[in-house]
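Please read the structure below before turning to the comments.
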Amino acid sequence: MFKFLFRKDADVNNKIIEIDKNSLPKHVAIIMDGNGRWASEKRLPRIAGHREGMQTVKKVTRFASNLGIKVLTLYAFSTENWKRPKEEVDFLMKLPSDFLNSFLPELIEKNVKVKVIGNIHELPEHTLNALEEAVLKTEKNSGLILNFALNYGSRDEIKQAVQHISKQCLEGSLLVDNITEDLISKTLMTKNIPDPELVIRTSGELRISNFLLWQIAYSELIFSDVYWPEFNEVHFTDAIINYQNRTRRFGGI
Ligand code: IPE
Ligand code: IPE
Ligand code: MG
């Protein structure tokens, strides 16, 4: 065990020095996928994968905070995930309070600011209470923004923005010609958060699954074959180095 930890630490340190600290992505968004398959391969119930995935959330949060990344958005529960069996959904709804019970003191100590995007008012009360407490207690922090996408769906987010803008037009407080891309961005749940430069999806699936569709127009995408519970600092470092070696043209030459 110690040997393994030591080796991994050495691997991370050797790799981390390859990261150019001057061109870090400000916002990294992660589709945390593969908990269920990780567990199934170990003949464990799917929820064991979610529990282990929570440890990965702690790991990547510490890593992002230490590295100096400004925003880490984690896709934790989609508007489509309600389709799962009730026992699994119930377990997933308990995870935020379990996570925050054990991790909130460290988040506060690390100056991390917790945010949530998604329809949080549709979450069970105990889940919402835990989240609201974390948001409130970290409100004034100025370090990493740890942004959880919970009961989040990008189409739903865009639909709500369209409704909001339409109402303003109908009331006469906004002219249709004054609807700009910037206004749309500011009407989304991610208002005040810059678009992610880097999106990582684990588990080998090559899709976006209704995540930040508007915001990722020019994001760099990295798909890792690793299941989320196994994703670690070395994989995260690799993703950042891969991102830093890309040429971002934004339509130019
Ligand atoms: C990601 O892991 C966690 C959530 C979507 C809540 P999955 O539960 O989707 O794991 P797989 O994709 O079934 O392996
Ligand atoms: C995406 O994973 C949602 C989250 C990671 C929360 P899913 O496992 O729900 O996505 P699909 O069903 O494979 O597209
Ligand atoms: Mg999945």
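Values quoted throughout were computed directly from the atomic coordinates according to the rules given, and no laboratory measurement underlies them. Fair warning: this is a prediction, and the values are worked out from it, not measured in the lab. Every residue, glycine as well, gets a Cβ built from its backbone with ideal geometry; the counts of neighbours run over all protein chains shown.
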Out-of-range pairs (alpha-carbon distance over 29 Å; input 26/186; 83/137; 42/110; 83/110; 15/113; 42/115): 83/137; 42/110; 83/110; 42/115
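Taking the stretch 114-187, which GluC sites (Glu not before Pro) meet the DSSP loop condition and have no more than 15 other C-beta atoms within 10 Å? Display every interim value, and only then the final one.
On the way: sites: 122, 125, 132, 133, 139, 157, 171, 181; in loops: 139.
Sites meeting the loop and neighbour criteria: 139.
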Positive dipole terminus of the chain, leading residue within 16, 151, 34 (C-beta point charges): 16
In degrees, nearest ten, helix 233-244 long axis to first principal axis of the chain (Cα): 50 degrees
Added length on full extension, which subtracts the Cα-Cα distance from 0.36 nm per residue, residue 245 to residue 111: 45.2 nm
On Cα atoms only, tilt of 154-171 relative to the major axis of the chain in degrees: 20 degrees
Cα-centred dipole magnitude for the chain, charges only on beta-carbon of K, R (+1) and D, E (-1), debye, nearest 20: 420 debye
Calculated FRET value between residue 163 and residue 9, using beta carbons and R₀ = 41 Å, to 0.05: 0.25
Relative contact order (%) - criterion: Cα under 8 Å, at least six apart; region: the chain: 29 percent
Radius of gyration, Dmax [the stretch 52-122; alpha carbons; angstrom]: 13.3, 38
